[in-house]
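The values are calculated or read from the model by the stated rules, or taken from the named source; none is laboratory data. Source: prediction; values computed, not measured. Ideal geometry is used to build each Cβ from the backbone, glycine not excepted, and the neighbour counts take in all protein chains shown.
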Amino acid sequence: MSVKVVVGTQWGDEGKGKIIDILASRADVVIRSSGGNNAGHTVENAGEVYKLHLIPSGILYPETLCLIGSGTVIDPKVILEEIDGLTARGITCENLRIDPRAHVIMPWHIALDGMSEKMRGSSEIGTTKRGIGPCYMDKAERCGIRIYDLVHPALLEEKAKEVGALKNLIITKVYEENAIDVESVIQEYKEYGKRLKKYVADVSVLAYEAYKAGKEVLFEGAQGTLLDLDMGTYPFVTSSHPISGGICIGSGVGPNIVDEIIGVAKAYTTRVGKGPFPTELMDEMGDLIRNRGFEFGTTTGRPRRTGWFDAVILRHAVRVNGLTALAVNKVDTLSDIGDLKVCVAYRKPDGTELKDFPPALEELAECEPVYETVKGFNGDISKCRSFDELPEDCKAYIEKLEELCGCPIKMVGVGPSRDQNLER
Ligand code: GDP
Ligand code: IMO
Ligand code: MG
């Protein structure tokens, strides 16, 4: 039995949900350690499509224990809607547990997310406006409300009164907007607390016990490497740590328990939100990939920006996550579109070439991609069920990516369903 971590290698939406769902069929425990309902993970099975935001993608297996760790931020209304939605479709959430240390997204976090974005004007981050950043700000500021408080009404009341008054000062005096009715928030959240109480348990202890008992444990990454607060394209990032190291802090486990770290990538690149994107295609090819790949956000519905595969980004992801394998999804999207380009390095304005992803945004913004052209492939590959069945040119594309990234590609996605994943 082993402990596996699945992380996004690009700017999110790489198809992590699908890979987690596949690996969860062999797992006893699935753990989410960071982010909140900014994530949107799609799982397709037998024609049914599930869009999960907070609940781990292992939930479709009734025996699997699904844990939400301390590093997450939870909108109680959203998680309850998700539980109700799944229950209505016959999926049990009885095996869901939430760490009492996880922070609660309050209505003022959502309001302030929108207000600070508006204040930034044209330099907005393009957040999901789900209150993620402001909630993590309060966590770091040490004035956050945690799940433990949510399920203890007296604590919730005391803390929400204090922090709510301060937030209202910011909302009314800094942003000159209407104050939030803190009293009605407290009443509303007390009801959420009542319903969520039965799910609360120490995730660090449960994860450790599962590991000690030799169970198969899977950590479900959210977001992606370039959205990491430290290793991403700061400030156009999220406020948590989606890289593999984030699972230790966000679940309360030590790094020594991990056996495999699987990075999920798309066969091209996408991003939602603002910020530099070296291989972005602003032409018809970009539109073609967006439409063929149905690249519209799972959470916000925004059209995703599209571009060629960027091996500089992938090498960065291999390094900062310590990847042991890659899963490359949406290879099917690239068939019948002609020759493909792959970014192998960046060229700086002075003509020098960069092989490593630059730490500063200003440097990245002036980089031009250096491309290699790879022969395209044709035909409907979505029905292939083994790597050997793929057209030779398609295999050559995958092998080229593998060579450039310096990490074995062990899974190839040719469609959104469980059975459209070719293991190598
Ligand atoms: P996540 O956030 O990383 O879980 O990814 P999303 O669910 O936001 O976006 C990935 C989208 O691609 C979803 O609609 C998936 O159903 C879909 N998808 C995943 N793998 C494949 C694949 O190999 N081929 C195709 N065509 N779609 C895929
Ligand atoms: P999954 O798990 C894609 C992006 C937002 C924005 C930036 C900051 O589905 O891959 P935030 O609301 O987190 O403060 O927004 O991060 N972002 C994502 N983009 N997939 C995600 O999650 C994302 N989660 C956050 O679009 O650019
Ligand atoms: Mg997504």
Among residues of the stretch 7-21, those that are closer than 21 Å to Cys405 by Cβ and either of a type outside the set (Val, Ile, Thr) or modelled with pLDDT under 95 (or both), counted = 9
With Gly221, Gly286 as the choices, which residue is of a type in the set (Gly, Ala, Ser) and in contact (Cβ under 8 Å) with a residue 40 or more places away in the chain?
-> Gly221
In the set Gly379, Gly415, the lone residue that is of a type outside the set (A, V, I, L, M, F, W, C), surrounded by 15 or more Cβ atoms within 10 Å (Cβ to Cβ) and at pLDDT 95 or above is Gly415
Could you check, for the stretch 217-229, whether at least one of its residues is at positive phi and touching a Pro at 6+ places or on another chain (Cβ under 7 Å)?
-> yes
Quick check: is even one residue across the stretch 269-281 within 12 Å of ligand 2 (Cβ to nearest atom), under 18 Å from the mean Cα position of the chain (by Cα), among the basic types (Lys, Arg) and buried (at least 23 other Cβ atoms within 10 Å of the Cβ)?
-> yes
Within the stretch 293-403, strands (runs of 3 or more DSSP E) holding 2 or more residues that are away from ligand 3 (no atom under 16 Å from the Cβ) = 325-329, 340-347, 368-374
Kindly list, by first and then second residue, each pair from a residue in the stretch 1-18 that is among the hydroxyl-bearing types (Ser, Thr, Tyr) to a residue that is in a strand (DSSP E or B), limited to pairs with Cβ atoms under 6 Å and residues at least 6 apart or on different chains.
-> Thr9/Gly263; Thr9/Ala265
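Here is a yes/no grid of residues against (1) touching a helix residue (DSSP H, G or I) at 6+ places or on another chain (Cβ under 7 Å); (2) closer than 28 Å to Glu124 by Cα; (3) not assigned by TED's automatic domain parsing to the domain that holds Cys66:
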{"residue": "Gly254", "(1), (2), (3)": "yes, no, no"}
{"residue": "Arg271", "(1), (2), (3)": "no, yes, yes"}
{"residue": "Phe277", "(1), (2), (3)": "no, yes, yes"}
{"residue": "Met282", "(1), (2), (3)": "no, yes, yes"}
{"residue": "Leu288", "(1), (2), (3)": "no, yes, yes"}
{"residue": "Arg305", "(1), (2), (3)": "no, yes, yes"}
{"residue": "Trp308", "(1), (2), (3)": "no, yes, yes"}
{"residue": "Leu326", "(1), (2), (3)": "yes, no, yes"}
{"residue": "Leu334", "(1), (2), (3)": "no, no, yes"}
Could you say which residue among Val163, Val203 is touching a Cys at 6+ places or on another chain (Cβ under 7 Å) and either modelled with pLDDT of 95 or more or within 20 Å of Pro76 (Cβ to Cβ) (or both)?
-> Val163
Identify all residues within the stretch 1-43 that are crowded, with 24+ Cβ neighbours inside 10 Å, away from ligand 3 (no atom under 12 Å from the Cβ) and assigned to a loop (DSSP other than H, G, I, E, B); write none if there are none.
-> Thr9, Ala27, Ser33, Ser34, Gly36
Could you list, in sequence order, all residues of the stretch 215-240 that are among the charged types (D, E, K, R) and either buried (at least 22 other Cβ atoms within 10 Å of the Cβ) or within 9 Å of ligand 2 (Cβ to nearest atom) (or both)?
-> Glu220, Asp228
Complete set of residues in the stretch 25-65 that are more than 15 Å from ligand 1 (Cβ to nearest atom) and not small (Gly, Ala, Ser) = Arg26, Asp28, Val29, Ile31, Tyr61, Pro62, Glu63, Thr64, Leu65
Residue that is surrounded by the fewest Cβ atoms within 10 Å (Cβ to Cβ), among those in the stretch 121-154 that are assigned to a helix (DSSP H, G or I) and within 12 Å of ligand 2 (Cβ to nearest atom) | Met137
Thr298 touching a His at 6+ places or on another chain (Cβ under 9 Å) and within 16 Å of ligand 2 (Cβ to nearest atom) = yes
Identify, please: which residue in the stretch 299-336 is crowded, with 20+ Cβ neighbours inside 10 Å and of a type in the set (Asp, Glu) and is, among those, farthest from ligand 1 (Cβ to nearest atom)?
-> Asp310
Quick one: is Arg101 surrounded by fewer than 21 Cβ atoms within 10 Å (Cβ to Cβ) and at pLDDT 95 or above?
-> yes
Scanning the stretch 19-50 residue by residue, those free of Cβ contacts under 8 Å to residues at least 60 places away in the same chain and of a type in the set (Asp, Glu) turn out to be Glu48
Gly114 under 27 Å from Thr233 (Cβ atoms), touching a residue at least 12 places away in the same chain (Cβ under 8 Å), in contact with a Gly (Cβ under 7 Å, 6 or more places away or on another chain) and among the small types (Gly, Ala, Ser) | no
